[in-house]
Amino acid sequence: MADDRRAARDDLAALRIDRDAVALRPKPRWRGWGIVAALAITFVVASLGAYRLTIGRTLVVEVAYAERATGAGAPAATVLTGSGYVVTGDRYISLGVRVPSRIERYLVEEGETVEAKQPLVQLDARQYDAALAQAHANLLRARADVDLARLELARARALIARNVLSKAALDVEVNQLRVAEATVKQLEASVVRAKVDLEDTVIRAPTPGVILEKFKEVGEIAVPGGFEGSGELIRMANLQDLRAELDVNEADLSRIRMNQPAEVKPDAYQDKVYTAHVVKLYPQINRQKGTLKVEVGIERPDGWLRPDMSVRVTFLGDAAPAPSGGDGGVVLAPREAVRSDEAGAFAWVVTGGTLRRQALTTAGERGGQVVVAKGLAGGEALVVGGEDAALREGRRVAAGPR
């Protein structure tokens, strides 16, 4: 038994692998270099892809073109700007009643444009219809009295001819005729007044304009006059003479003169610019604010402008003379394309699909564009908008829709 166990142990020991006796096979040398080369290729490909996706990609930019305007000289430069409001030349027109009555109905609404003589408010006219009818009846009776007085005077003269009636009686008949004729004239005037009162039960627009506000409701009693404007029924504005009103500092008054050209731009509509000129300089300085009120007349107002609208007023100087020996043209660049830094004004010009920084010398503004005295010849594609950090010299770009 013991021999059998020993034999089994010897057999198992023979099957055991001696790890110390196994010889390790050496690794090939090219394997390490291959791994390094693969990592290097992967890094290069990833870097190239990242470059093309970020810095090296073609940037799509919005462009606008510089324009060369031909003429006698450069456009007028800006000399002063300020903020103000749209007003009307006649200010606001407040309409009340001349005859007292109850408001029957309004014929217009706020914001509605009206023409001259257009009906605005209808008052209760029944009492004035009756007054006119009564005046007509009184006039008819007075005319009948005149006819009778003329007949009586004719009879009296016939009796005087036959020495039947005294001269004193004739004088009485003449006086009665004159009194009757005067009464007719008085009642004719009463009829005219009654007609005017009846017409005044319809309030009409004195000028073209727009309805701003209604002060009373239908059914209320309207009376003439009133304390502190309480008799007003409706307020309107004449939009044929629109102006921009603003306060100009005393120190800047030397830059302003009558009939000076100007431009008006509403804050609500930045794409709209209206030509204007100075029409009024108020005679008195506001001592508390140190300013003078100035009005500029808007030459061609339209439906976009409304009273009390906030606007930006730009006062313009005289046009610059044309350069000698040239064609008199000037270069205008969009305001959004002209940038500036510590080196001065410049613009990004797209040339052959790449960016080029171009230094500029500017000479004011005109019509929302910058007058370029030096740096552009006209026709260049200029980058408008965009982030300054993404724009650099030589970067590949493509023009996109603006």
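Taking the conditions (1) surrounded by fewer than 13 Cβ atoms within 10 Å (Cβ to Cβ); (2) touching a helix residue (DSSP H, G or I) at 6+ places or on another chain (Cβ under 9 Å) in turn, LYS289 satisfies each one other than (2). For the stretch 273-314, a tally of residues being over 13 Å from LEU246 (Cβ atoms), touching a strand residue (DSSP E or B) at 6+ places or on another chain (Cβ under 6 Å) and free of Cβ contacts under 8 Å to residues at least 40 places away in the same chain returns 4. Of the conditions (1) open to solvent by less than 60 Å² (accessible area, probe 1.4 Å); (2) part of a loop (DSSP other than H, G, I, E, B), GLU217 satisfies every one except a single condition; which number is it? Of (1) open to solvent by less than 60 Å² (accessible area, probe 1.4 Å); (2) part of a loop (DSSP other than H, G, I, E, B), only one is false for GLU217: (1).
Counting only residues that are modelled with pLDDT under 90 and under 27 Å from LEU239 (Cβ atoms), the stretch 300-327 holds 10 of them.
Listed here are the residues, each with its yes/no results for (1) open to solvent by less than 60 Å² (accessible area, probe 1.4 Å); (2) at pLDDT 90 or above; (3) β-branched (Val, Ile, Thr); (4) not in a loop (DSSP other than H, G, I, E, B).
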{"site": "LEU151", "(1), (2), (3), (4)": "no, yes, no, yes"}
{"site": "ALA156", "(1), (2), (3), (4)": "yes, no, no, yes"}
{"site": "ASN163", "(1), (2), (3), (4)": "no, no, no, no"}
{"site": "VAL179", "(1), (2), (3), (4)": "no, yes, yes, yes"}
{"site": "LYS185", "(1), (2), (3), (4)": "no, yes, no, yes"}
{"site": "VAL191", "(1), (2), (3), (4)": "yes, yes, yes, yes"}
{"site": "ASP197", "(1), (2), (3), (4)": "yes, yes, no, yes"}
{"site": "THR207", "(1), (2), (3), (4)": "yes, no, yes, no"}
{"site": "GLY225", "(1), (2), (3), (4)": "yes, no, no, no"}
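Evaluate the stretch 102-118: report whether one residue or more is in contact (Cβ under 8 Å) with a residue 12 or more places away in the chain, open to solvent by 20 Å² or more (accessible area, probe 1.4 Å), in contact with a helix residue (DSSP H, G or I) (Cβ under 6 Å, 6 or more places away or on another chain) and within 16 Å of ILE203 (Cα to Cα). No, the conditions are met nowhere in the stretch 102-118.
All of (1) open to solvent by less than 70 Å² (accessible area, probe 1.4 Å); (2) over 24 Å from the mean Cα position of the chain (by Cα) hold for ASN238 with one exception: (2). Look at the stretch 179-200: where a residue is farther than 27 Å from LEU95 by Cβ and a partner is among the basic types (Lys, Arg) and open to solvent by 60 Å² or more (accessible area, probe 1.4 Å), sitting 6+ places away or on another chain with Cβ atoms under 7 Å, you get VAL184/ARG143. Checking the stated criteria, ASP252 turns out to be over 23 Å from the mean Cα position of the chain (by Cα), over 20 Å from PRO119 (Cβ atoms), in contact (Cβ under 8 Å) with a residue 60 or more places away in the chain and open to solvent by 20 Å² or more (accessible area, probe 1.4 Å). Every condition in (1) in contact (Cβ under 8 Å) with a residue 40 or more places away in the chain; (2) open to solvent by less than 50 Å² (accessible area, probe 1.4 Å); (3) more than 25 Å from PRO261 (Cβ to Cβ); (4) part of a strand (DSSP E or B) is met by ALA399 except one, and the failing one is (2).
Applying the criterion of being assigned to a strand (DSSP E or B) and under 10 Å from the mean Cα position of the chain (by Cα) to the residues of the stretch 257-293, the residue that is nearest to PRO307 (Cα to Cα) is PRO266. Residues that are more than 21 Å from ALA77 (Cα to Cα) and assigned to a strand (DSSP E or B) within the stretch 294-310 comprise just one, SER310.
When residues in the stretch 71-91 are screened for being modelled with pLDDT under 80 and assigned to a strand (DSSP E or B), 3 of them pass. Picking from residues in the stretch 354-374 that are open to solvent by less than 30 Å² (accessible area, probe 1.4 Å) and part of a loop (DSSP other than H, G, I, E, B), the one that is farthest from LEU316 (Cα to Cα) is LEU360. For the stretch 130-149, filtered to residues that are surrounded by 14 or more Cβ atoms within 10 Å (Cβ to Cβ), of a type in the set (A, V, I, L, M) and over 60 Å from the mean Cα position of the chain (by Cα), the residue that is nearest to ALA194 (Cα to Cα) is ALA142.
The values are calculated or read from the model by the stated rules, or taken from the named source; none is laboratory data. From a predicted model like this one, the values you see are computed outputs, not experimental measurements. No Cβ is skipped: glycine too gets one built from the backbone with ideal geometry, and neighbour counts run over all protein chains shown. Accessible surface is based on the protein model in full, side chains and every heavy atom, while ligands, DNA and RNA are left aside. Shrake-Rupley method; radii C 1.70, N 1.55, O 1.52, S 1.80 Å.
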